[in-house]
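**Student:** My questions will all concern the structure given below.
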Amino acid sequence: MRRGHRARCRGSAVLYAVVLSPVLMLGLALAVQLGALQLERQRVRSAVDEAAVTAAAAAAVSGASAGVDRARAAALLRGALATALRPLEGELGGAGADVVAAGAEVAVLDEVPAPDPFATGAVVRRPAIEARVRVPLRTGLLRVAALPPTLTVTVVTGAELRRADEADR
């Protein structure tokens, strides 16, 4: 009787391997895709931060009484954002870098202290340029896990505006 039981169980390990292999491979693929999405999110964050710093440096003004041209500073940020996002256009979900940059919400705060437009209850104490950018990213294989084809990542960033004579400090 013992021998009959053993004969019936022979090959069951192969059956389990054949049945579970696709499930394990799909789980592994989803984990890799989720990691890739996180990496793209970090790359977008870096690009938005770079654009804010670049725009703040370009908007630096000289003289103690010089003001900040808000429209120019916002245009500088949008231009720097489009340039920074261009290498990521393959991952942007159907929107080009120029479209994402044009849709960015930009606030130039030169009269401080002022309430932060993107953080409820926060106060900005130094002149700054801030932006909130919504970037659509392709989800790739994560659609299998019932996610939409694109996810929108929202990034908020800011950089202090300094006068050119403060840059040496």
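The values are calculated or read from the model by the stated rules, or taken from the named source; none is laboratory data. The model shown is predicted, which means the values in this text are computed figures rather than measured ones. Please note: Cβ atoms are built from the backbone with ideal geometry, for glycine as well, and neighbour counts cover all protein chains shown.
**Student:** Residue by residue through the stretch 39-56, note down the ones that are of a type in the set (A, V, I, L, M) and either touching a Cys at 6+ places or on another chain (Cβ under 8 Å) or within 18 Å of GLY103 (Cα to Cα) (or both).
**Tutor:** Passing the criteria: VAL44, ALA47, VAL48, ALA51, ALA52, ALA55.
**Student:** Could you list all residues from the stretch 126-143 that are free of Cβ contacts under 8 Å to residues at least 60 places away in the same chain and in a helix (DSSP H, G or I)?
**Tutor:** The answer is ARG143, and nothing else.
**Student:** Right, something else. So which of GLU130, GLU91, GLU111, GLU105 ends up being in contact with a Pro (Cβ under 7 Å, 6 or more places away or on another chain) and not small (Gly, Ala, Ser)? Steps first, please.
**Tutor:** Values: GLU91 fails: in contact with a Pro (Cβ under 7 Å, 6 or more places away or on another chain); GLU111 fails: in contact with a Pro (Cβ under 7 Å, 6 or more places away or on another chain); GLU105 fails: in contact with a Pro (Cβ under 7 Å, 6 or more places away or on another chain).
Residue meeting the stated conditions: GLU130.
**Student:** Out of the residues in the stretch 80-95 that are modelled with pLDDT under 90 and of a type outside the set (A, V, I, L, M, F, W, C), state the one that is surrounded by the fewest Cβ atoms within 10 Å (Cβ to Cβ).
**Tutor:** Within the stretch 80-95, the match that is surrounded by the fewest Cβ atoms within 10 Å (Cβ to Cβ) is GLY90.
**Student:** Next question. Sort out which residues of the stretch 144-160 are part of a strand (DSSP E or B) and not β-branched (Val, Ile, Thr), and write them in order of number.
**Tutor:** Let us first name the residues in the stretch 144-160 that are part of a strand (DSSP E or B), namely 150-160.
Correct list: LEU151, GLY158, ALA159, GLU160.
**Student:** Would it be correct to say that SER12 is among the polar types (S, T, N, Q), over 15 Å from ALA145 (Cβ atoms) and at pLDDT 90 or above?
**Tutor:** The answer is no for SER12.
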